[in-house]
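Working notes for the structure below.
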Amino acid sequence: MAILKRKISFIAAAKSCRRTFVGPLIRGTGAIPVERPQDVTFKGEGQIVQIKNQIIIGRNTKFTTIAVGALL
């Protein structure tokens, strides 16, 4: 990094940047905080009642279609 003529920045999970001890260290390096999908998930309403032949059936859910391999 010392011999390059351009600025180099690192990325870090935004969740880690909010931690008490690690956060100031990460921010001190000038890292760019990045929000990860798995860190902003929340429990949804309803329940999955059946998964058959790559089709997901839910009861009282807010999703209409789910792609194969998607995270719920």
Pairs only if they're at least six apart or on different chains, beta carbon under 8 angstrom, first in the range 12-38 and touching a residue at least 24 places away in the same chain (Cβ under 8 Å), second outside any loop (DSSP other than H, G, I, E, B); list them, first residue then second.
13/33; 13/34; 13/39; 14/33; 14/34; 14/39; 15/39
Hey, could you check the range 11-47 for residues that are hydroxyl-bearing (Ser, Thr, Tyr) and over 14 Å from the mean Cα position of the chain (by Cα) and say which is nearest to residue 66 (Cα to Cα)?
20
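Of the residues 26, 32, only one is at pLDDT 85 or above, in contact with a helix residue (DSSP H, G or I) (Cβ under 7 Å, 6 or more places away or on another chain) and not acidic (Asp, Glu); which? I'd like the intermediate steps shown before the answer.
Numbers: 32 fails: in contact with a helix residue (DSSP H, G or I) (Cβ under 7 Å, 6 or more places away or on another chain).
Checking each option against the conditions leaves just 26.
The values are calculated or read from the model by the stated rules, or taken from the named source; none is laboratory data. Not measured: the values here are computed from a predicted model. Cβ: placed from backbone, ideal geometry, glycine included. Neighbour counts: every protein chain shown.
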